[in-house]
Each structure stands twice: as structure tokens, then as C-alpha cells.
Amino acid sequence: YDGATKLGDTTVTQGSITIAAKALAVGTHSLTLKYLGNGSYTASQGSVSVTVVKASSSVSGTAADITWGNAGSVTVTVTPSAATGTVELFDGATKLGEGNLTSGTTLIAIPSRALAVGTHALTLKYLGDGSHSSSQGTMSVTVVKASSSVSGTAADITWGNAGSVSVTVTPSAATGKVELYDGATKLGEGTLTGGATSIAVAARALAVGDHSLTLKYVGDGSYNASQGTVKVVVLKAPTTVSAPNVTLQWAKASSVSITVAPPAGGTVELYDGSTKLGEATLRGDGTARIALPAKSLEVGTHSLTLKYLGSGSYLPSQSTVTVTVTKGRSKVEVSVPKSVDAGDRAKIKATVDSAAGDATGPVEILVKQVGGSFKKELTRKVGDGTVVVKIRLPRSGKYVVKVKYLGDVHTLGDHVSTRLRVS
């Protein structure tokens, strides 16, 4: 008997009594033995001390890989399944969590980021209960790097200027570097802050056009590397074309000195209305010279058009230059006889020499007697650069001969005078 509770009985010949499992709680019990007697012997009673100790236990666990940044869990099993109570989970001396057993199992949550990336040997501690002793075991939990994604945006870049690419890596907790490539050529890199960075693109690192550049996030201790693309457009640079105004005389050649800024390669053309006067290839400093042949422009003021045709990196441009063509100079010479007899004709020859060599137009000739009343005026048109007249001089004396060339559309006028003696 355990108190008033009968645990079992047996005949004397058997000599032992079996106590059923779990009939006694853990601990030391003073049990009563009762001999009921028989026809020859009287009944008697005694006691016996019985100690029930806790049953042994074992604890184990399993866990799927945990992605960094996510929570995880450990599935715990305690044997025997009748064990109750609490199981605790430790990473070294750090307690990660605990769970209460139900039918010998429990689930212990692992908070996100409680474990660094890598493989961890964690300790499971079953605390025991009234019937089962405590136990301890180890298990392996692997935390793998989290995936990442990288993207970027960029404003259009004008050729000759620097630009930049704004980069975003998701999740924003990612750290480390992002590199920017054009094919196999590395253009630059940036260090992430809050999941973002800016990568500079050097001036002229990319040709004019559309470029699909590669962004490479190199990863860090918690995040895997990733790769993406970003579109960068490089636009042709604007230009200006200019030239100082030009003044030249009719029948003389000249040129127009042209400058394209910024210095660009390619061709410049010069137009008078729709008529192309010439073209030239720009030198390395962005300058060129287009010849103006003699007589290519009429006398007057001309607003000529300069056209830069552009290149692979520069936009075309257009402007005007003023070219003024002035009349050419002329020189008049006159020849007369040394002396003429009164009543004879005097041959007067005027020669007009012009820069163009093709002077036309009228020549006025005045012959006047000095101190006398005789006066003769004639107008003749230049032919082959000369005018010849014969004038009868009726009286003896001194005469003044004045020759005036009035000019033409291309040539300025001139004048000269001489004296003639009539005997």
C-alpha cells in the first residue's frame, strides 16, 4: 500500500510484488506491506522505502536554411514524447528563444537578423519536468545571404560634359560598392549609403548615342551580388559658327576666317543666298578659311550664310557674315602734243587704268584757253581702257586740259589735268 492505495499483492510463495509503471510519483515513498495470515499464522504488517527517480530525456532539432533578414524557426523533439515543459535555444551564451512542449514537440522562433550569415551550432536545452530529467543537444542552423537587385537612372549627357548615374540597391540595408561598366570597360564605382549611390561618368567616356550600361553590385556580408542595366543617352553638343566681317575691293581675292566653337571637326560651307561659294575642312582648333575668288561677289554689301555641317559628336549650326565689296581704284593719265599750231586739231588721249583692267563708263574732257574765251567739253565712253579725241584749237596761247573719269559699277573715278601750248 501507498497510504490507502493498494499497489498490488502476491502469494507468499512468489516472494515479490510488481508495482505498475507510474503508480508512484517521482520521489521517496514509505510503502506498507500487509501479510494477511493463514490457518497457521497470524496477520502482520511492515514497511518498505521505495524511491522513484526521473526518467532520462533527449532533445534534438531541425531547421530549414534562413535567408538573412528573415525570421526562422527550429522544430524541436524531446524523447520520450510524454515529457512536458520548456526547451530553450542558445547561440553560445545568447538565448534566442524558447518553446513549450506539446506531445514532446515544440517550435522555437528565431528573430530576423538574430544570426549572422553562416552556419551556426546552436544549443537546445530541455529544462525537464516533474517526471523527466533535463537534457541538452546541439543542432546546425545555416543563414544564407539575401538576394538583392540593382537599378539605375541617368539624365541625358551632352557630349563633352560629365554625367552621372543614380543607383538604387534593394533592399536598402545592403552595403558595399556598385560598379558601372560599358561592355568590359569600367566607367566608375560608388559606395552605397542607405541603399543608394551616384556614379560619375567622365566627360567623353561615352560616344554620342544610346548606351546600355551594366550595373554590378558586388554584394556584402549579408547580401548576394546582383547585376542590372541602365540606359544612358549621350547627345551631340551644340555649336556656334562665326566669322569676322570682310571688306575687299572689286576684282581682288580675299577669304573668310571661320571659327566653330567648341572646336569640332567636319566641314563648313559659305553661301550667297542659294549659291555655294566654297567650303573648307576645320582644323583641330575649330578654324577654317574659305577663299573668296576675285569677282565672285558684286560691288555692295552681302550677308553671306555660314553653315557648319556637324559631325558625329557635334550638332550643325548656322550664322551670317557681312562681306562688303568696294569699287576698285582707277588711275587716269592724259597725253597731249607738246605744241599745236593755231587752227590745227590737237590729239588728246586719256588712258584709264583700273585694278580689274576692264574699266568702262564715261570720261569727261575739258579744254579751256587760259585767259581766253575758248572752252570745249566732250564726253566719251571708255573703250579698251582709252578715250581719244581731236579738238581744233583756233587761237594761240596756253590751254588747260582736264580729264575726269566718272567710274562705273566696279571702278571708282579719277581725274588729271595738263597744259597744252598752241602757237
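The values are calculated or read from the model by the stated rules, or taken from the named source; none is laboratory data. From a predicted model like this one, the values you see are computed outputs, not experimental measurements. Here the Cβ positions follow ideal geometry from the backbone for every residue, glycine too, while neighbour counts run over all protein chains shown.
All of Ala64, Ala25, Ala116 fail the test of being in contact (Cβ under 8 Å) with a residue 40 or more places away in the chain, over 24 Å from Gly8 (Cα atoms), of a type outside the set (Val, Ile, Thr) and not in a strand (DSSP E or B), apart from Ala116. Restricting the range 392-414 to residues that are loosely packed, with under 15 Cβ neighbours inside 10 Å and closer than 14 Å to Arg345 by Cα leaves a set whose member that is nearest to the chain's Cα centre (by Cα) is Arg392.
Ala162: in contact with a strand residue (DSSP E or B) (Cβ under 8 Å, 6 or more places away or on another chain), exposed (fewer than 14 other Cβ atoms within 10 Å of the Cβ) and in the same structural domain as Thr229 (by TED's automatic domain parsing), yes or no? Against the criterion (in contact with a strand residue (DSSP E or B) (Cβ under 8 Å, 6 or more places away or on another chain), exposed (fewer than 14 other Cβ atoms within 10 Å of the Cβ) and in the same structural domain as Thr229 (by TED's automatic domain parsing)), Ala162 qualifies.
Of the residues making up the range 57-72, those that are within 41 Å of the chain's Cα centre (by Cα) and aliphatic (A, V, I, L, M) number 2.
Please work out if Gly97 is under 25 Å from Val143 (Cβ atoms) and without any contact (Cβ under 8 Å) to a residue 40 or more places away in the chain.
Values: under 25 Å from Val143 (Cβ atoms): yes; without any contact (Cβ under 8 Å) to a residue 40 or more places away in the chain: yes.
Taking the combined requirement at face value, the residue satisfies it.
Yes/no per residue for (1) at pLDDT 95 or above; (2) polar (S, T, N, Q); (3) not in a loop (DSSP other than H, G, I, E, B):
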position	(1), (2), (3)
Gly130	no, no, no
Thr142	yes, yes, yes
Asn161	yes, yes, no
Val167	yes, no, yes
Glu179	yes, no, yes
Glu189	yes, no, yes
Ser198	yes, yes, yes
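Here Leu122 qualifies as buried (at least 17 other Cβ atoms within 10 Å of the Cβ) and either in a loop (DSSP other than H, G, I, E, B) or in contact with a Gly (Cβ under 9 Å, 6 or more places away or on another chain) (or both). Figure legend. Inter-residue proximity from the range 332-351: first residues in the same structural domain as Leu412 (by TED's automatic domain parsing) and over 23 Å from Tyr405 (Cα atoms), second residues of a type in the set (Gly, Ala, Ser) and part of a loop (DSSP other than H, G, I, E, B), beta-carbon distance below 9 Å, spacing 6+ or different chains. Indicated pairs: Ser339/Ser423; Val340/Ser423; Asp341/Ser396; Asp341/Ser423; Ala342/Ser396; Ala342/Ser423. Remark: Gly265 matches the filter, which requires a residue to be of a type outside the set (A, V, I, L, M, F, W, C) and more than 13 Å from Val323 (Cβ to Cβ). Residues of the range 318-331 that are at pLDDT 95 or above and in contact with a Lys or Arg (Cβ under 8 Å, 6 or more places away or on another chain): Gln318 alone.
Among residues of the range 392-404 that are outside the structural domain of Val352 (by TED's automatic domain parsing), none has a beta-carbon under 8 Å from a residue that is part of a strand (DSSP E or B) and among the acidic types (Asp, Glu) at least six positions away or on a different chain. Being among the basic types (Lys, Arg), touching a strand residue (DSSP E or B) at 6+ places or on another chain (Cβ under 9 Å) and under 22 Å from Thr170 (Cβ atoms) holds for only one residue in Lys231, Lys276, and it is Lys231.
Can you find, within the range 251-306, the residue that is surrounded by the most Cβ atoms within 10 Å (Cβ to Cβ) among those that are under 23 Å from Ala356 (Cβ atoms) and among the acidic types (Asp, Glu)? It comes out as Asp272.
Figure legend. Inter-residue proximity from the range 293-304: first residues among the small types (Gly, Ala, Ser), second residues in a strand (DSSP E or B) and crowded, with 17+ Cβ neighbours inside 10 Å, beta-carbon distance below 7 Å, spacing 6+ or different chains. Indicated pairs: Ser296/Leu277; Gly300/Val325.
Just give me the residues in the range 89-103 being crowded, with 18+ Cβ neighbours inside 10 Å and over 30 Å from Asn224 (Cα atoms), in sequence order.
Of everything in the range 89-103, those that are crowded, with 18+ Cβ neighbours inside 10 Å and over 30 Å from Asn224 (Cα atoms) turn out to be Gly99, Leu101.
Selection of the range 34-55 for residues being farther than 30 Å from Ser133 by Cα and either among the aliphatic types (A, V, I, L, M) or surrounded by 12 or more Cβ atoms within 10 Å (Cβ to Cβ) (or both) yields Lys34, Tyr35, Leu36, Ala43. Evaluate the range 279-297: report whether one residue or more is under 31 Å from the mean Cα position of the chain (by Cα), assigned to a strand (DSSP E or B) and in the same structural domain as Ser319 (by TED's automatic domain parsing). Yes, that holds for at least one residue. In this structure, is Thr75 under 60 Å from the mean Cα position of the chain (by Cα), at pLDDT 95 or above, surrounded by fewer than 20 Cβ atoms within 10 Å (Cβ to Cβ) and among the hydroxyl-bearing types (Ser, Thr, Tyr)? Against the criterion (under 60 Å from the mean Cα position of the chain (by Cα), at pLDDT 95 or above, surrounded by fewer than 20 Cβ atoms within 10 Å (Cβ to Cβ) and among the hydroxyl-bearing types (Ser, Thr, Tyr)), Thr75 qualifies.
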